[in-house]
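S.K.: Please find one structure pasted underneath; my questions will follow.
The values are calculated or read from the model by the stated rules, or taken from the named source; none is laboratory data. All of these numbers come straight from a predicted model, not from anything done at the bench. So basically every Cβ, Gly included, is an ideal-geometry build from the backbone, and we count neighbours across all protein chains shown. Areas reflect the complete protein model, heavy atoms only, side chains present, ligands, DNA and RNA absent. Shrake-Rupley method; radii C 1.70, N 1.55, O 1.52, S 1.80 Å.
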Amino acid sequence: MAASELIWPLFELLEAAAERSEVFGAETLQQPDCSITCQTLSEGMSAGVTLVRVQCGNCQISLLPVRGMGIWKASCGDLELGWQSPVRGPVHPMFVPIAEANGLGWLDGFDELVCRCGLHSNGTPDFDQRGILLHPLHGRIANLPARNVVIESVPERGELRISGDVYESRSHFHSLRLRSTLIMRCDEDAFHIVDEVTNLSACPTGIELLYHINLGEPVLGEGSRFIAPLRNVVPRDPRAAEDVKTWDRYLGPTVGYAEQVYFCDLLADAEGYTSALFAAPDGDRGMSLRFKTQQLPYFTLWKKTAAIADGYVTGLEPATNFPNARSFEEECGRLKRLAGGETATFEIDFNIHRGRTAVESAKNSIATLQKDVRPKIADQPQPDWCSAPPF
Amino acid sequence: MAASELIWPLFELLEAAAERSEVFGAETLQQPDCSITCQTLSEGMSAGVTLVRVQCGNCQISLLPVRGMGIWKASCGDLELGWQSPVRGPVHPMFVPIAEANGLGWLDGFDELVCRCGLHSNGTPDFDQRGILLHPLHGRIANLPARNVVIESVPERGELRISGDVYESRSHFHSLRLRSTLIMRCDEDAFHIVDEVTNLSACPTGIELLYHINLGEPVLGEGSRFIAPLRNVVPRDPRAAEDVKTWDRYLGPTVGYAEQVYFCDLLADAEGYTSALFAAPDGDRGMSLRFKTQQLPYFTLWKKTAAIADGYVTGLEPATNFPNARSFEEECGRLKRLAGGETATFEIDFNIHRGRTAVESAKNSIATLQKDVRPKIADQPQPDWCSAPPF
Amino acid sequence: MAASELIWPLFELLEAAAERSEVFGAETLQQPDCSITCQTLSEGMSAGVTLVRVQCGNCQISLLPVRGMGIWKASCGDLELGWQSPVRGPVHPMFVPIAEANGLGWLDGFDELVCRCGLHSNGTPDFDQRGILLHPLHGRIANLPARNVVIESVPERGELRISGDVYESRSHFHSLRLRSTLIMRCDEDAFHIVDEVTNLSACPTGIELLYHINLGEPVLGEGSRFIAPLRNVVPRDPRAAEDVKTWDRYLGPTVGYAEQVYFCDLLADAEGYTSALFAAPDGDRGMSLRFKTQQLPYFTLWKKTAAIADGYVTGLEPATNFPNARSFEEECGRLKRLAGGETATFEIDFNIHRGRTAVESAKNSIATLQKDVRPKIADQPQPDWCSAPPF
């Protein structure tokens, strides 16, 4: 049977979903331990959101095509990845006031494990001198719906691939396409993102892309650690500088905790790969990201260990830039430039570590990257790294 | 039969509605003179709005879960309550530009009999010194969709209860839940709202809640009267001051009439209950509100007796505050403070009076509350009561 | 059979559409060569858009009730009319951030052949002195959904008529209704728009209406010509003034081409009719507009011959005003005033010319209107015509 016969557009699943709860089972996908279900939610701010649940081997992922192909939740065996946001999502973009004059409307929809920020801009809201919003917090891509969503089963590699296109276009200004592919393999405790961002315009442009990868309980807890091969770490603002000595360690849920953000420059191996590990307090569970610093040269660590009710969470954020206002990033030369028609590729491996051995192995890989380089940890915000605090 | 077997989530009704026009009849609800029908509208700005029509004894209510559990229209026998807004609703929140920089987008969806304003803010748009909108006119709650909408039949009390949860949350800022219950009883010319507002955050916060209760023809007409037990009345602005001597009486439809707004401090009985009556011109029909001044201490009367085509209407507005800009109300100490996790309850009885006797009885109750207290009617706006006019 | 039996509301078609791909065929419509199909799109930013395809004789039109009765595409025989916008629509209004503080959100939904701009305002975003947006680019009407959409077949005239109502209302401010009718006849290479705009308020108001009629390939190409009977032509800004000598001729797709806009005063015949022709490079295809200058006294030509990828397009724009900011147009006396309850009618005939003879005939009609009047072509922007450039 030809591989092409194992490709289905999303609308076929939706039609099938109207009749059955498990839309595509192992037999249809021609893979044991694989299934795909689709559900279109109907209540509250989730009305109209189609949730695509993909099961492949040990891992399960809930994908949100309508939220720019974001990943709502994931699990591996009994380990849940994600967080409890005070926003009770998933939230349909029609209920997210991205256009709000203060630029903060994005917050009303933010509750994913993996939320992309971009493509024209991300970071702090950016205003002109009249106080008119130029770029809202974290841009539009997380609140734009995908089209051409396709599910592909590749039995010979034990692989499922779900891809979709998200267009972020404004006549006269920019025309960008994110072609995002989520890849899962039956024999891995992992999943993979391959994103291609294309400048569809004939004119050159600058883009920003940040992966806001967010973890709450149970991986996050008092004593959790962030571990990465470090060249430099800079606190974003005075609030972050307060606790720079414990920047990579975590408190338990803390009522009234105000967020702390650290900008990092990571070391990479000869091929350009780096790795960033988040480990649970007891060191027996964790998740690490593997990516190329050529693709995602700037890394931000977001700590918001507030009360559970207020969203106890940390964010690992590999990006093309730091999440300052776009105009500041442009001044600092951190926009990713794309020629007319040019495509940039961004790939991240999400490796899930279950058991102390797996976590130690991830730590050792990072130690190898760190070698004898001594990280420079600035005790204050640095010019060219940090603009004014966002809000 | 256990009462719990007479509880249905809304989605079951919607599924049933796809097949039958009267979704739940007297037999299903186990109550004579009761029925519930659901209709999802498809045209214009009403597309996607589910209208829940609840019939209980003499009264019928059209409820709008997608507009924050607002009440679109009501009727009691042949008496219609509501108004003809120039906005032809009900309007789905996706068509209401709440995010508009001038803060007036809320007006595009306003056409209900009972429209809640809040929860984080209500009142006049509030701007910072740069002119950036902080809080839009009347806040978000009327344009947020409910979830967990449940219909309950309680045959032993001749009661129907429809409840739903509306979340108003913004990461980093506030996390509020309105749990709203509409109660109707077969033997009453009345309906009841019980609203519980919970601060889901672990941190304290300030909320504002105003019930914008709007009446047009036939209850409103030339010679209609507003009657309440009054301690103080203050005209909001010079426009209201113009006609302060006739502040509680009504003109017929008047082309070009600019709105007049009066702020009131109402008297209450020993238990804290007060009552506010709106009586039709001939004194034989009316509606009164009964509520506790501890829950809703500030009362606003909104008069907009413009031409029929422009929305001939008056608003009775019991609230936690006056509908000035939130920052002004905060300065004046009129925010309702909630500790982390705290819940405040707000209850309003809507009593519908058919026949002169019923109206007179309501008047007498108010006279008893007024006793020999002489109301103070200010002839000019007062500091600490009135900020600048809204628009 | 009575004519009234050949009228169907849209929702009947949508119900029928769920079952059949060709909803209404020749037999149902009682006209040969006529058919109507409806499709509700489900993917990306088109989710929820109902596309109504009307076939009548040689012509086919794709109509968008949810985008203010806009016309997405048209064709006549094998001649396609429309353009390839960088925005991949049709875009549902819920994804168009009209409320954006910079006033440019409208651009995210713009990809039609015929897009109305208005009704309260159109043109450049208009700000108050604080920098708060008063009127967004091109107003709201293109992003408001129609209701009461009705399809009518008139076999005795070989005619199909599709009408719908679009309400643009804001309590306290304005209350307008567009009643739009699209007319097609089996024996014509043409289609017709009859728009009635009613001021539903009892108070007078000022409106603006501009028809943004957009053509790309194949009618637009290097050497295309715009031909109209001209009294005056004024370049909008220095950029337009650069090429005023070739203002009516067209380049091929040009990377980085910045738009050029020309304001025109057209001559009319004794009955008030004028005509504006757009002719393909080889002079054997084209489209002309016929309308009355009393109804649409101001004409704008928009040239944006950018790269194909960036939307190679020109716009012919008959209007009640020039597309400057509304406050500037008001100062210049170019608002269309409507008394309370008053209706203004706007009619445009779209004539499609296939073959050199048809194009020459259209040119000759215009030459007759021009007669011996010598057009005045200003070489610079003129006061009272041109405000600051829009963006």
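S.K.: Hey, any idea what Rg/Rh is for the range C:13-150, computing Rh the Kirkwood way over Cα pairs?
M.R.: Using Cα coordinates only, the ratio equals 1.05.
S.K.: Applying the Karplus parametrisation 6.51 cos²θ - 1.76 cosθ + 1.60 with θ = phi - 60° to the phi angles of the range C:233-240, what ³J(HN,Hα) value in whole Hz is obtained for each residue in order, glycine and proline being reported as x?
M.R.: 3J(HN,Hα) across the range C:233-240, in whole Hz: 9, 10, x, 5, 7, x, 4, 5.
S.K.: Treating cross-link reach as a plain straight distance, find the lysines whose alpha-carbon is under 30 Å from the alpha-carbon of residue B:376, omitting any fewer than eight places away in the same chain.
M.R.: Those lysines meeting the cut-off are B:245, B:292, B:303, B:304, B:336, B:363.
S.K.: Okay, moving on. Which percent, to the nearest 5, of DSSP beta bridges fully inside chain C are antiparallel?
M.R.: 95
S.K.: Cα centroids of the range B:240-277 and the range A:131-201: how far apart, whole angstrom?
M.R.: Going from one Cα centre to the other spans 56 Å.
S.K.: Then there is this: How much mean residue ellipticity at 222 nm does chain B get from its helices, if each DSSP H run of length 4 or more adds -39500 (n - 2.57) and you divide by all residues, to the nearest 500 deg cm²/dmol?
M.R.: -2500 deg cm²/dmol
S.K.: Give me the one-decimal Kirkwood hydrodynamic radius in Å for the range B:132-208, with the sum taken over alpha-carbon pairs.
M.R.: Hydrodynamic radius (Kirkwood, Cα pairs) of the range B:132-208 is 14.5 Å.
S.K.: Taking each residue in A:106-113, count the Cβ atoms of any other chain within 10 Å of its Cβ, then average. What number comes out?
M.R.: 3
S.K.: How many Å² of accessible surface get buried when A and C come together, counting both sides, probe radius 1.4 Å, rounded to the nearest 100?
M.R.: That pair hides around 2500 Å² of surface in total.
S.K.: For residue A:230, list long-range residues whose amide hydrogen, built 1.01 Å from N in the peptide plane, is under 5 Å from its own amide hydrogen.
M.R.: A:267
S.K.: What shape does the range A:328-389 have by the C-alpha gyration tensor, where a ≥ b ≥ c are the square roots of the eigenvalues, rounded means a/c under 1.5, and otherwise prolate means a/b greater than b/c and oblate the rest?
M.R.: It comes out oblate by the Cα gyration axes.
S.K.: Note every residue of the range A:254-273 with a reduction of at least 30 square angstrom in accessible area, all protein chains present versus the isolated chain, computed with a 1.4 Å probe, or write none.
M.R.: Checking the loss per residue gives A:255.
S.K.: So which GluC sites (Glu not before Pro) in the range B:232-276 end up in coil per DSSP with only 15 or fewer other C-beta atoms within 10 Å?
M.R.: B:271
S.K.: Distances from residue C:9 to the same position in the other copies: list them in nm, one decimal, shortest first, using label points 7 Å from Cα along Cα→Cβ.
M.R.: In ascending order, 3.1, 3.1 nm.
S.K.: Okay, moving on. With the other protein chains left in place, how much accessible area per residue, in square angstrom, belongs to chain B at a 1.4 angstrom probe?
M.R.: 36
S.K.: In addition: Say R0 is 22 Å: what FRET efficiency, to the nearest 0.05, do residue B:239 and residue B:330 get from their beta-carbon distance?
M.R.: Once rounded, the FRET efficiency stands at 0.35.
S.K.: Under the definition of partner shielding as Cβ atoms of other protein chains within 10 Å of a residue Cβ, what is the mean value for peptide C:140-146?
M.R.: Whole-number average of other-chain Cβ neighbours for C:140-146 is 3.
S.K.: Next up: Tell me whether the range A:153-246 comes out rounded, prolate or oblate; compute the Cα gyration tensor, take square roots of the eigenvalues as a ≥ b ≥ c, and use a/c under 1.5 as the rounded threshold.
M.R.: oblate
S.K.: Which residues' amide hydrogens lie under 5 Å from the amide hydrogen of residue A:144, considering only partners 5 or more residues apart or on another chain, with H built in the peptide plane?
M.R.: Long-range HN contacts for residue A:144: A:68.
S.K.: Ok, one more. I'd like the FRET efficiency for residue B:308 and residue C:194, computed as 1/(1 + (r/R0)^6) with the beta carbon distance as r and R0 of 22 Å, rounded to 0.05.
M.R.: 0.20
S.K.: Which FRET efficiency value, to the nearest 0.05, is calculated for residue B:187 and residue B:222 with the Förster distance at 51 angstrom and r the Cβ-Cβ distance?
M.R.: 0.90
S.K.: Follow-up question, since we're still on this one. Give the peptides B:80-90, B:360-370, C:229-239, B:137-147 in descending order of average Cβ contacts within 10 Å, highest first.
M.R.: Order by mean packing, descending: B:137-147, B:80-90, C:229-239, B:360-370.
S.K.: Under 1.5 on a/c is rounded, so check that first for the range A:67-136, then, if it is not, pick prolate when a/b is larger than b/c and oblate when it is not; a ≥ b ≥ c are the square roots of the alpha carbon gyration tensor eigenvalues.
M.R.: prolate
S.K.: Quick one: if you stick a label point 7 Å off each Cα along the C-beta vector at residue B:360 and residue A:258, how many nm between them?
M.R.: 6.5
S.K.: Rounding to the nearest 20 debye, state how big the charge dipole of the protein assembly as shown is about its Cα centre with +1 on each Lys and Arg Cβ and -1 on each Asp and Glu Cβ.
M.R.: Computed charge dipole of the protein assembly as shown: roughly 2200 debye.
S.K.: Between copies, how close do the residue C:148 label points come, placed 7 Å along Cα→Cβ, listed in nm from shortest?
M.R.: Values, ascending and in nm: 4.2, 4.2.
S.K.: According to the Kirkwood expression over distinct Cα-Cα pairs, how big is the hydrodynamic radius of the protein assembly as shown, in Å?
M.R.: 32.2
S.K.: For residue C:250, list long-range residues whose amide hydrogen, built 1.01 Å from N in the peptide plane, is under 5 Å from its own amide hydrogen.
M.R.: For residue C:250, the qualifying residues are C:223, C:224.
S.K.: Quick one: label points 7 angstrom along Cα→Cβ at residue B:246, distances to the other copies in nm, smallest first?
M.R.: So the label point of residue B:246 gives 7.0, 7.0 nm to the other copies.
S.K.: Of all the accessible heavy-atom surface of the protein assembly as shown, with the other protein chains kept in place and a 1.4 Å probe, what percent is carbon and sulfur?
M.R.: The nonpolar share, carbon plus sulfur, comes to 47 percent.
S.K.: Also, quick follow-up: Rounded to a whole number, what is D in µm²/s for chain C from Stokes-Einstein with the Kirkwood radius over alpha-carbon pairs (4 °C, 1.567 mPa s)?
M.R.: Rounded to a whole number, D works out at 61 µm²/s.
S.K.: Would you work out the relative contact order for chain B, in percent, from Cα pairs under 8 angstrom that are 6 or more residues apart?
M.R.: The normalised contact order for chain B reaches 16 percent.
S.K.: What are the residues of the range A:172-186 that lose 10 Å² or more of accessible area, with a 1.4 Å probe, going from their chain alone to all protein chains?
M.R.: By number: A:172, A:173, A:175.
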